[in-house]
Amino acid sequence: MAVQYRIGEFSNLSGVSAKTLRFYDEIGLLRPASVDSRTGYRHYLPEQLEQLASILALKNLGVSLAEVRTLISRTGSSKDRRDLLTGLKRTIEQSMQTAAQSLACINAAIEELDSSKRPVSVVVKRRPAIPIASIRAKVKSYAEIVQFEQELLNALPLQSIGDLRGVLWHRCADSGSLEGEAFVALKHKVPFRSFYEVGQLPAVTVACAYSGLDDNSAERGYAAIGKWMNVRGYRLAGPKREIYLEQMLEIQFPLESA
């Protein structure tokens, strides 16, 4: 007669608790070789130690019990196991990449704390498309764009002017020249005028930061977003935007993956 072990003996031999063995039985992962109909005692065969070892090895690699059960029900094909482990490997590699990027982001945030008493926070937003009127011009300084903003506001019917206004910077100082586009959101259609354009500010995902209106504060906001994008592997996907919020600026960089 083949040697059989009661659940306590099998538990001691395998190093797996009797509670876990009962659970594996309940979910159909490892059934006892036999169950005494009178006492309800479970009995296991020696070769089931090898089967249990296979289950534990896969579980320790991160394979779910449901996947282990499916694999075992297919008689443990080598190809099935390879496919399962290859998929698991791919998932872990992706997790490692995500973790590495998160670590880089945390290190960058710590560096900013070390270098600044008031670090600039960067957030991501999805901005909808909006109709605008705008004037695009090459300027010698950032402040010079203000006169074009005023010309635009003076030319538009008051009832058509929306709440949002700002500047699109097509070229910034780091490119060797400045080219800005003052814009105003529109609530209603406006009459055509030759010196301004009517169009649409496209929908876009942006990284944004807030700053004061002074140059130093704005430069810190620009630098913070640029560093944030580099760490996370983003590229600029259009002109940088400055949105006026009373005595503050919202600086927006349209994003695309590098």
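Each peptide in 88-96, 156-164 gets a packing score, the mean of other Cβ atoms within 10 Å over its residues, and the list from highest to lowest is 156-164, 88-96.
Length, then width, then depth: along the principal axes, the Cα atoms of region 104-205 run 52, 31, 20 Å.
As a calculated quantity, the FRET efficiency between residue 95 and residue 155 at R0 = 51 Å, using C-beta atoms, amounts to about 0.40.
Need one word for region 80-136: rounded, prolate or oblate. Basis is the Cα gyration tensor (sqrt eigenvalues a ≥ b ≥ c); a/c below 1.5 gives rounded, then a/b vs b/c decides.
Details: a/c = 5.53, a/b = 1.54, b/c = 3.59.
Oblate, because a/c is 1.5 or more while a/b does not exceed b/c.
Helix 215-232 and the long axis of the chain differ in direction by around 30°, with both axes built from C-alpha atoms. Between residue 257 and residue 245, the simple label model (points 7 Å from Cα in the Cβ direction) yields a spacing of 2.9 nm.
Ranked highest first by the average count of other Cβ atoms within 10 Å around their residues, in what order do 27-38, 226-237 fall?
Values: 27-38: 13.5, 226-237: 15.7.
In descending order of packing, they fall as 226-237, 27-38.
Solvent-accessible area per residue in region 36-88 equals 64 Å², computed with a 1.4 angstrom probe and all protein chains kept.
The calculated FRET efficiency for the pair residue 81 and residue 37, based on their C-beta separation and a Förster distance of 30 Å, comes to about 0.25. With only Cα atoms counted, region 1-121 has Rg and Dmax values of 22.8, 79 Å.
Work the Kirkwood hydrodynamic radius out for the chain: mean of 1/r over every pair of different alpha-carbon atoms, inverted, in Å. Write down the numbers at each step before the final one.
Values: mean 1/r = 0.0413 Å⁻¹.
Averaging 1/r across every pair of different Cα atoms and inverting gives 24.2 Å.
Roughly how many percent of the accessible protein surface of region 1-145 is carbon and sulfur, given a 1.4 Å probe and a whole-percent answer? For region 1-145, the apolar C and S fraction of the accessible surface comes to 53 percent. Remark: the residue 123-residue 59 segment gains 19.2 nm on full extension, using 0.36 nm per residue and subtracting the alpha carbon distance. Straight-line cross-link partners of residue 138 among the lysines, defined as a Cα under 24 Å from its Cα and at least 8 positions apart when in the same chain: 240. Nearest 10 degrees is fine. How inclined is helix 145-155 to the longest principal axis of the chain, computing both from alpha carbons? Approximately 70 degrees, to the nearest 10.
The values are calculated or read from the model by the stated rules, or taken from the named source; none is laboratory data. This structure is a prediction, so every number in the text was calculated from the model and none was measured. Note that we place each Cβ from the backbone using ideal geometry, even for glycine, and neighbour counts take in every protein chain shown. Note: accessible area is taken over every heavy atom of the protein model, side chains too, but ligands, DNA and RNA are not part of it. Shrake-Rupley method; radii C 1.70, N 1.55, O 1.52, S 1.80 Å.
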